[in-house]
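Below is one structure, written out as structure tokens; comments come after it.
Computed from the coordinates by the stated procedures, all read-outs in this text should not be read as laboratory data. Everything numeric in this text was worked out from a predicted model, so none of it was measured. For neighbour counting, all protein chains shown are included, and Cβ atoms are generated from backbone atoms with ideal geometry for every residue, glycine included.
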Amino acid sequence: MAELIFVKRIENAPNVYSFIFRSPENFKWIAGQFIQITFPHDNTDSRGTKRFFSISSAPFEKNVMVTTRIETQNSSSFKKAFFNLKPKTIVESTDPKGKLIVTKQDKKIIFVAGGIGITPIRSLILDLDYKNKLSNVDLLYANRDNDIPFRNDLENRKSNNSSFNIYYFISPDHICDETVKKIYRKFPDCRAFLSGPPGMVKSIEDLFISEGMTEENIKTDYFTGY
Ligand SMILES: Cc1cc2nc3c(=O)[nH]c(=O)nc-3n(C[C@H](O)[C@H](O)[C@H](O)COP(=O)(O)OP(=O)(O)OC[C@H]3O[C@@H](n4cnc5c(N)ncnc54)[C@H](O)[C@@H]3O)c2cc1C
């Protein structure tokens, strides 16, 4: 367990906000991991006081950042209160965990993000870039509209890395079966990292597997709760 001290909130896109926290010196995470934050607040609804969030910042950025979608009207009591966090408020966090991490970089990497599922992938991409390892990497990023969270961060990395490619799929366009099959057939020796809504992650995971990818080459984060 660790205490995170709230520093500030940033708007990344309409209804998408990042929350930046100072963490204790010994709070370490690997790019791609998540935490569970406990945040007691008034008038707590049935969803309670705890939420999982991927850490959207990379370790070299030092501060812990979590990013979430908050539609103020329809949001849970947690998100309404979180939106109004005051600087210096302390929230409790578990130690970071999760397996959506790059352990070996001996193959092409395909990152697939659906909407706010970009959070761990932003961390992974910035971390690879920081380590001069952002090569032979593709990102497939589906979003509901053109207000794409972290677009600038991603485009900046792309301009410095000629073998890092980004493909956007803006609704009603989506990452369809044909796209996944085409990619897998072009790069059968790759690893896939999938993050986003459970339905989307599951269907893409199943598709890669049906095309012949082995389970050890696929890592997934299911963003349950939306
Ligand atoms: C490993 C992991 C990592 C995750 N990482 C992230 C992340 O980086 N960013 C992120 O945003 N989420 C992430 N999630 C999901 C996150 O934990 C929440 O479940 C999600 O953000 C939904 O939050 P919420 O419950 O506050 O609902 P909201 O986002 O406020 O609402 C979602 C939907 O539920 C409805 N709703 C809200 N409250 C209620 C209620 N009391 N009763 C009935 N319906 C309600 C809303 O109207 C809306 O349709 C992650 C989940 C996991 C498991």
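In table form, for the structure just shown:
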read-out: Likely footprinting exposure, LYS79, LYS62, fewest C-beta neighbours within 10 Å first; value: LYS62, LYS79
read-out: Cβ-placed point charges (K, R +1; D, E -1), dipole of the chain about Cα centre in debye, nearest 20; value: 420
read-out: Cα-based reach from LYS131 at 14 Å (exclusive), listing aspartates and glutamates while leaving out same-chain residues under 8 positions away; value: GLU61
read-out: Surrounding net charge for THR214, when Lys and Arg each add one and Asp and Glu each subtract one, Cβ distance under 15 Å; value: -2
read-out: Ranked list, fewest to most other Cβ atoms within 10 Å of each Cβ, for SER163, SER75; value: SER163, SER75
read-out: Prolate/oblate/rounded call for the range 108-222, Cα gyration tensor, a/c under 1.5 rounded; value: oblate
read-out: Tensor-based shape of the range 1-134 (alpha-carbon gyration tensor, a/c under 1.5 rounded, otherwise prolate or oblate); value: prolate
read-out: Whole-angstrom gap from the range 65-121 to the range 127-151, using each part's C-alpha centre; value: 15
read-out: Computed helical MRE - 222 nm, the chain, DSSP H runs ≥ 4 contributing -39500 (n - 2.57), nearest 500; value: -7000 deg cm²/dmol
read-out: Exposure rule at most 10 other beta-carbon atoms within 10 Å, DSSP loop GluC sites (Glu not before Pro): the chain longest free segment; value: 72-226
read-out: Full-stretch length increase - GLU211, TYR168 - with 0.36 nm per residue and alpha-carbon distance subtracted; value: 13.2 nm
read-out: Those lysines that a straight Cα-Cα span of less than 21 Å connects to LYS80, excepting residues fewer than 8 apart in one chain; value: LYS8, LYS50, LYS88
read-out: Principal-axis tilt of helix 118-130 within the chain, Cα atoms, nearest 10 degrees; value: 70
read-out: Neighbour-count ranking [beta-carbon atoms within 10 angstrom, fewest first] of CYS176, CYS190; value: CYS176, CYS190
